[in-house]
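Everything on this sheet refers to the single structure shown next.
The values are calculated or read from the model by the stated rules, or taken from the named source; none is laboratory data. Since the structure is predicted, the reported quantities are computational estimates derived from the model, not experimental observations. Here the Cβ is made from the backbone with ideal geometry for all residues, glycine too, and neighbour counts use every protein chain on show. Protein only, heavy atoms only, side chains kept; ligands, DNA and RNA dropped before computing areas. Shrake-Rupley method; radii C 1.70, N 1.55, O 1.52, S 1.80 Å.
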Amino acid sequence: MSKRRTLSAGEVLFLQGDPADRAYLIESGSLLITAVRNGAVQQLATLGPGELVGELALLDNGPRTAT
């Protein structure tokens, strides 16, 4: 079953600590991945078309470790 989701610029796909119930394939645009570490927001990666996001938390069955 395919469920597409379109985000507007600046919209959040998921938050750090959210349950990991799905992964996403980026079809177009880019997605900034951040995490709060020691009270500061750190940029971890910028992902683009063809890249997966959220798959590691899904496989580990743990909470999201990034936003």
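Please verify whether region 26-35 includes one or more residues that are touching a Leu at 6+ places or on another chain (Cβ under 8 Å), farther than 19 Å from residue 5 by Cα and of a type in the set (Gly, Ala, Ser). The answer is yes, given that some residue of region 26-35 is touching a Leu at 6+ places or on another chain (Cβ under 8 Å), farther than 19 Å from residue 5 by Cα and of a type in the set (Gly, Ala, Ser). Being in contact with a strand residue (DSSP E or B) (Cβ under 6 Å, 6 or more places away or on another chain) and either charged (D, E, K, R) or open to solvent by 90 Å² or more (accessible area, probe 1.4 Å) (or both) is the filter here; which residues of region 33-51 pass it? The answer is 41, 43. If only residues of region 36-59 that are under 19 Å from residue 7 (Cα atoms) and β-branched (Val, Ile, Thr) are counted, the one that is modelled with the lowest pLDDT is 53.
Looking across region 52-61, just one residue is open to solvent by 90 Å² or more (accessible area, probe 1.4 Å) and part of a strand (DSSP E or B), and that is 52.
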